Amino acid sequence: MSSIKLLFVIALLTLTSPSFAQIGAKVGQGGIQGEWINRDFDYQISLSFKPNGSGVFDGESFTYTIQGNTLSMSQEVTITKYTYQLEKDKLTLSDGDLVSPVSFIRAGAGQDASETNRKQSDAQSTDITGVWSGNGETLEFKSDGSCSYLGQSFPYEVSQGHVTFITSQGNIMFAYSIQGDQLSLTANGQSVSYSRGSNSPGANQQSQSTGNGQVDMQLVGKWCWIDVNSYNQGSSTSSRCITLNANGTYEYFSEASRSVNTPDFNGGTNSQESDRGTWYIQGDRIYYNSPTTGQGSYRLEKRNHPKNVNDPMIVIDGDAYVTATYREPWR
């Protein structure tokens, strides 16, 4: 399973929206394409629009379309529309899921020629290639555009002081800086540092510190619990799915339906529930923080399916959730 331990993106603005902040913006002749930044929230927010209709917001991938003064951004089945205003190198977004307008400045705008030349002449100090160790992990950025991590290889891209990791769970973007032999990776105001050099003790751990616990990268992905019953006078179906994201957030969705067919009654019922929040691991428990239900924890176990032994499961307080995508069995 592809995974990046590193540092995870936490909050997207201050909204109870999907795992990326959807944005509406007016565009003139491709003027929106490129890199944009916002520093109004005590940390840097990065936004990128690519010519092929895809983009990245603080490490979360999305697609977008433009019609009139509306930009529609989508991720999976979620679409949010924003109104935009584009003034030279300033992009102002409103409506959608924003409680007030938010402005982005085009990356690099306002830099004079001397600053640009200084950065170009100082390219060696910003060269991320090499081996970096720290925080119980080791990264090797190779000149061929791949990063070795935990025995696996991930493509990466460097642009405008940011490094983007391309994983099976989506793209993960970090701002980075290098001073001497120290590499700093930053997202949403939180940073981790690495020293240039060889492997450090504990480099094979597969978890990421969140401040409260660990985000276990082996758990990243979608897990589902399904129960189907049939009986003489009807049937019932229940399903619950949890998506544990690499940025320390989760998405939960459950659905239940029941049908009845008797001489006196014919019909059915259906119900749905959903939730979003953050998660981390501590010991043998998984902790969550939900904006709707608050904080809590469950006992967590890793097991392989008793019949389909190649299907790993996570058992949460006795309920077995099977992986929804292919991954190696637990060992």
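The values are calculated or read from the model by the stated rules, or taken from the named source; none is laboratory data. Only a predicted model underlies this, so the values are computations on that prediction, with no experimental measurement involved. Every residue, glycine as well, gets a Cβ built from its backbone with ideal geometry; the counts of neighbours run over all protein chains shown. The accessibility values were calculated without ligands, DNA or RNA, using every heavy atom of the protein model including side chains. Shrake-Rupley method; radii C 1.70, N 1.55, O 1.52, S 1.80 Å.
Across region 99-109, rounded Karplus estimates of 3J(HN,Hα) from the backbone phi angles (6.51 cos²θ - 1.76 cosθ + 1.60, θ = phi - 60°) give 7, 7, x, 10, 10, 10, 10, 4, 4, x, 5 Hz, Gly and Pro being marked x.
For Asn270 and His305, the FRET efficiency from 1/(1 + (r/R0)^6), where r spans their Cβ atoms and R0 equals 25 Å, is about 0.35. Taking all protein chains together and a 1.4 Å probe, the residues Asp216, Asp181, Asp227 rank Asp181, Asp227, Asp216 from largest to smallest accessible area. Rounded to the nearest 0.05, the FRET efficiency derived from the C-beta distance between Asn289 and Thr63 at R0 = 30 Å is 0.55. Each of Ser143 and Thr92 was given a label point 7 Å from its Cα along the Cα-to-Cβ line. The distance between the two points is 4.8 nm. Between Ala109 and Ser193, the FRET efficiency from the beta-carbon distance, with R0 = 35 Å, is close to 0.75. Hey, rough spin-label estimate for Val315 and Arg331, points 7 angstrom out along Cα→Cβ, what's it come to in nanometres? Spacing of the two 7 Å Cα→Cβ label points: 2.2 nm. Surface composition of region 211-331: carbon and sulfur atoms hold 45% of the protein heavy-atom accessible area at a 1.4 Å probe.
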